[in-house]
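In what follows, a structure is listed as structure tokens, so that the remarks can point back to it.
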Amino acid sequence: MTTPTHPTTHPHRSTRPTGSTRPAGPAGTAPRGRAGSAPRRMVPPHAVFAEKLLAVLSGERPVHWMLGHTVGEAYEQLVRLAPETPLRSYGPRPVVRRCSARPPGPNAVEACATIATGERVRAMAFRLERGQDRRWRCAAVEVDGLPS
């Protein structure tokens, strides 16, 4: 049996050249995502900042990592808190268990997060403010048992 030397086309496959940027679906339809993939959902800013603050307070990231993400005294608070925080441990990595927020106004969010380190659970409170550029920045942070 011999193999054909010319490419064969399948009746249900597209004959478009590879690398084409046109959608593969029928005309007038939007391209679909991968099968079974869920649409991306937006993570609320307080949940994002809870993870960022935890990364700094646990020693995973340096304090200067938050320079563009803070406003007012929040950066100085992080400088004071980071070296002495109980979240900086040699045991299991701390994780955000829960994070909730209440907006006292349209451009501010006050949030509270519970942080688990092994069997120990700690609390972290912080305030976010949205600037003129519509970006959220941390304005204050506190960890239970430590002066801010």
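Descriptive notes on the structure:
- Cα pair distances exceeding 24 angstrom across the stretch 51-148, given as percent: 17 percent
- A simple count of charges around GLY118, restricted to other residues whose Cβ falls under 14 Å of its Cβ and scoring Lys, Arg +1 and Asp, Glu -1, yields +4.
- Scaling against 2.2 N^0.38 Å puts the C-alpha radius of gyration of the stretch 77-120 at 1.45.
- Sites matching GluC sites (Glu not before Pro) across the stretch 105-137 that sit in DSSP coil, with at most 11 neighbouring C-beta atoms within 10 Å: GLU119
- Shape call, the stretch 39-86: gyration tensor on alpha carbons, a/c limit 1.5: prolate
- Here the alpha carbons of the stretch 88-145 define both size measures, Rg and Dmax, at 13.5, 41 Å.
Readers should treat all values here as calculations from the given coordinates under stated rules, not as data from a laboratory. What you see is a predicted model; the values in this text were computed from it and never measured. Here Cβ is always computed from backbone atoms with ideal geometry, including for glycine, and neighbour counts include all displayed protein chains.
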